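To keep things clear, I will list the structure first and then write my remarks on it.
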Amino acid sequence: MSEDWRQAIEQQRAQKDEYFGNHPHSPIPPNERDAFDGLEYFPVDEDYRFELPLAEYDEKERITVGTSTDGEREYLQWGEFRFPVDGEEVTLQAYKSDPDDDRLWVPFRDATSGEETYGAGRYLDLEPESHRTPDGEWILDFNEAYNPTCAYSDQYECPLPPMDNWLEVPIEAGEKTYH
């Protein structure tokens, strides 16, 4: 991987820390912002960056996803990614809330959830402008995995990763638990 890629990840993290520490719309509760000195992350690791085809489903199934406040949200199960992690083949479902939206949402839990990372799971947002290769594959970069807003404050409602996206392997990349 290029040094530019690594620097871009580090820059994204620094910008997020700046936003979380200082912006009025930060999900960090206002009474915690003065003491906020940045989020914790796993070291950037190219082994957790994949360029993959999406196995798009011919018929998109509408699924109901539970939320952190016992609510529900609907998504379309758009397709799946298959890839190896530490020698084990895994599959993650990709979702859309709107069929006309170009972006994909990939929520997941893994063996670090509840220990090193947020217990309810983490998210990846895949934008076609920045997460597609010239030949059309998707870039699934777990170094960009982030906690939902409900990890920082109970005032937020967050969709929970469906059980289809509960991985038994650890994904030691991206954002760690917020303390």
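Pro43 falls short on exactly one of the conditions (1) open to solvent by 90 Å² or more (accessible area, probe 1.4 Å); (2) of a type outside the set (Ser, Thr, Tyr); (3) assigned to a helix (DSSP H, G or I), and that condition is (3). No other residue among Glu127, Glu116, Glu88 is farther than 12 Å from Leu167 by Cα, acidic (Asp, Glu) and touching a residue at least 40 places away in the same chain (Cβ under 8 Å) apart from Glu116.
Only one entry in Ala55, Ala145, Ala94 is in contact with a strand residue (DSSP E or B) (Cβ under 8 Å, 6 or more places away or on another chain), closer than 20 Å to Thr177 by Cβ and without any contact (Cβ under 8 Å) to a residue 60 or more places away in the chain, namely Ala145. Among the numbered criteria (1) closer than 23 Å to Thr133 by Cα; (2) free of Cβ contacts under 8 Å to residues at least 24 places away in the same chain; (3) assigned to a strand (DSSP E or B), which one does Glu61 miss? In the conditions (1) closer than 23 Å to Thr133 by Cα; (2) free of Cβ contacts under 8 Å to residues at least 24 places away in the same chain; (3) assigned to a strand (DSSP E or B), Glu61 misses (1) alone.
Can you find a residue in segment 156-174 that is in contact with a helix residue (DSSP H, G or I) (Cβ under 6 Å, 6 or more places away or on another chain) and of a type in the set (Val, Ile, Thr)? Yes, because at least one residue in segment 156-174 is in contact with a helix residue (DSSP H, G or I) (Cβ under 6 Å, 6 or more places away or on another chain) and of a type in the set (Val, Ile, Thr). With the requirement that a residue be assigned to a strand (DSSP E or B), within 22 Å of Tyr75 (Cα to Cα) and hydroxyl-bearing (Ser, Thr, Tyr), what does segment 85-140 give you? Hits for segment 85-140 are Thr91, Tyr95, Tyr123.
Okay, residues lined up against (1) under 24 Å from Asn143 (Cα atoms); (2) of a type outside the set (S, T, N, Q); (3) surrounded by 13 or more Cβ atoms within 10 Å (Cβ to Cβ):
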| site | (1), (2), (3) |
| --- | --- |
| Thr64 | no, no, no |
| Tyr75 | no, yes, yes |
| Glu88 | yes, yes, no |
| Asp100 | no, yes, no |
| Phe108 | yes, yes, yes |
| Thr112 | yes, no, yes |
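The values are calculated or read from the model by the stated rules, or taken from the named source; none is laboratory data. What you see is a predicted model, and the numbers here were worked out from it, not measured in a lab. A quick note on method: Cβ atoms are made from the backbone with ideal geometry, for glycine too, and the neighbour counts reach across all protein chains shown. Side chains are part of the model used for accessible areas, which takes the heavy atoms of the whole protein and leaves out ligands, DNA and RNA. Shrake-Rupley method; radii C 1.70, N 1.55, O 1.52, S 1.80 Å.
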